[in-house]
Amino acid sequence: MTSSSPIPKQTPKFLSALQGQSHTNPPVWFMRQAGRYLPEYRAVRATAPDFISFCFDSGKAAEVTLQPMRRFPFDASIVFADILLIPGALGQKVWFEAGEGPKLGDMPSVESMAEKAGEAGKALSLVGETLTRVRAALDPDKALIGFAGAPWTVATYMIEKGSSDRIESWAEGLSEPLFDRLVTQPHIRIIEGLRARGVTVPIIGFPRGAGTLVEDYAARTPVQGVALDTSASAKLGQTIQKTKTIQGALDPLLLRAGGDALLKRVDEMLEQWNQGPYIFNLGHGILPDTPIANVEAVLERVTGQKVAK
């Protein structure tokens, strides 16, 4: 994959990678990089009465979004929010219980949710304010990422009223026909709808747990990047890189464990994927008990710069 036009010097490294540019040291960010592994995050979180209130406090949400950018040389910042703000905006009660994760009330009727859909943007306006605050504070060479849960993922939470062992969330466990119906086709329609409305920002799709179906997903959906989970093979990533940028796929468990095995795996990933458009990341979110020193060690390896203070 190559760029159709030269990359302007001011284009953030992260965005240039999504335009097909390869880099000697790839851009890097971590899923859930604003989170409980950081003491400064925990300090701010302690001032909020509950998680949902925390997400809707644009001052606090912007602060924790920016914290990892001050501490680490990440190339992109991802807004602090949650995929379950959407069900809340559609009228379903959402709350989080310590040690148990998200809980949801009864799912409203389709008719009721359809009525609220037009007002969902207003209900989520504080997330927009968070984005505005973060963009104003970020350096121009740093990108800002927003995110949303895919329809299948959000639907499983809404139907099961929280996380479930009976319905596999993400794309895991879906047969090929169901994957096409519940993942690929909805993603195509959403992206085409955004483009029809003039939205031009690059989009990364993350069909976690899809296995080899990721290759078909990458070929058919009009995403600019495909995030890979920890099961992705070197060959799978290289195949997708012929037409799309890939992102991933370091195991968060290995990041938490650290040591020589961690650095060996980082080197392997750079060797197998850094010849094409690549964004270094995890295969899922960073774990709360991950040592900061391990994050620093990985970033030093990827960026080639001294990180630890």
Evaluate the following for residue 75: is it over 28 Å from residue 305 (Cα atoms) and among the acidic types (Asp, Glu)? no
List the pairs whose first member sits in the stretch 245-261 and is crowded, with 20+ Cβ neighbours inside 10 Å, whose second member is of a type in the set (Asp, Glu), and whose Cβ atoms are under 9 Å apart, counting only residues at least 6 apart or on separate chains? 248/229; 249/229
Do we have any residue at all in the stretch 161-177 that's surrounded by fewer than 16 Cβ atoms within 10 Å (Cβ to Cβ) and touching a Leu at 6+ places or on another chain (Cβ under 9 Å)? yes
Is it fair to say residue 207 is under 15 Å from the mean Cα position of the chain (by Cα), in a loop (DSSP other than H, G, I, E, B) and not assigned by the TED database to the domain that holds residue 155? yes
Pairs only if they're at least six apart or on different chains, beta carbon under 9 angstrom, first in the stretch 21-42 and under 21 Å from residue 228 (Cβ atoms), second of a type in the set (Asp, Glu) and surrounded by 22 or more Cβ atoms within 10 Å (Cβ to Cβ); list them, first residue then second. 26/75; 27/75; 28/75; 29/75
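The values are calculated or read from the model by the stated rules, or taken from the named source; none is laboratory data. Predicted model, so just to flag it, every value in this text is computed and none were measured. Counting neighbours? That spans all protein chains shown, and the Cβs are built from the backbone with ideal geometry, glycine included.
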